[in-house]
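Let me begin by presenting the structure, written as C-alpha cells, before commenting on it.
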Amino acid sequence: MNQTSQNSRFTWQRLLPLLVLLAGLAAFFALDLNQYLNFTALSEHRQVLLDWTSSHAWLAPLIYVAIYIAVVAFSLPGGAVMTISGGFLFGAMAGGIYTVVGATLGATALFLIAKTSLGDFLLAKAGPVVKKMQAGFEANAWSYMFVLRLVPVFPFFLVNLAPAFLGVPLRIYVIATLFGIMPATFVFSLVGAGLGSVFDSGETFTIQRVMTPEMIAALCGLALLALLPMAYKKLRAKQLDDKGGLQ
C-alpha cells in the first residue's frame, strides 16, 4: 500500500491526539482556568510574577514559552493576554521573541495533529469545490499564509487549522507563521512593556486599546504587500495568454 493510501485511511487511533486536545480545551473551561488569563489577574498578581521572573532568569522564559505552546496547541482563549504579559514580564524585545517562538511551536503542533488526524483523510474525500480551493491555496501558499497571519481579523486557531485541511506544506506553514506573526506580536509586546504605568494609574486595560484603526490599517497594508507576488503571477500569466492568443 502506498503512502497516499495510508494517509487517506481513517482510523480511530489517528483521532487520539485530536481528542486529547479537545479534552484539554474542555478541562480548561471546566476548571475555570480562564480566570487566570486576563488583565485583572495580571494586575492583581503582577508583583509576585515580576519578582519570580526576576529571580528565575532562565526558568521563567522556558515556562512562559511552554505555557504559550499549550495555549496555542489547545486553542485556548487568551493568546493576546499572553503576548502582552510577555512584554510586561520580560520587556518588549525579549517578550516578543519568546512569544514568537511559543506561538510558532504551538501552531506547528496543532497543524501536525490536525493534518495527521483528519487533514489527509478529508483531502482524500474532498469534492471538486474543496479540491479547487486546495489547488488555489497550493499555487499561492506563501501569499495566502502571510495574509492569514498578518491580518488580525482571522481567529488564530482557525488560521492554524485551515492550512492543515488544504494541504499546505509544513515548511511554508512554519516559515509564514514565524515571520507573519512578528509585526503584531512585537506591537503587543511593546504595549505590554508599558503596562505597569496603566496599572499604576488604576485604569482598565482592554485589547481595544491596542487594536486601533491605525494598527489594523498598518497590518492590512502589510497583508496587501504579501499579495503582490500572487497579483504579479496572475498578471504575468494573463500577458502570456494574450500573447499566445495573438500568435
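Read-outs throughout are calculated quantities, based only on the coordinates presented, and are distinct from any laboratory measurement. All values derive from a computational prediction rather than experimental measurement. Cβ placement follows ideal geometry from the backbone for every residue including glycine, while neighbour counts extend to all protein chains displayed.
For the pair the stretch 31-46 and the stretch 151-173, the centres of their Cα atoms are 28 angstrom apart. Shape verdict for the stretch 40-83, please, from the Cα gyration tensor: rounded (a/c under 1.5), prolate (a/b greater than b/c) or oblate. Oblate. Multiplying the residue separation of Ala30 and Leu49 by 0.36 nm and subtracting their alpha-carbon distance yields 4.4 nm.
For a paramagnetic label modelled at 7 Å from the Cα of Ala217 toward its Cβ, which residues of the stretch 172-195 fall within the zone defined by backbone nitrogen distances under 18 Å? Once the point is set 7 Å along Cα→Cβ of Ala217, 184 turn out to lie under 18 Å by backbone N, inside the stretch 172-195. Once the C-beta distance of Leu18 and Trp142 is scaled by a Förster radius of 22 Å, the resulting FRET efficiency is 0.25 to the nearest 0.05.
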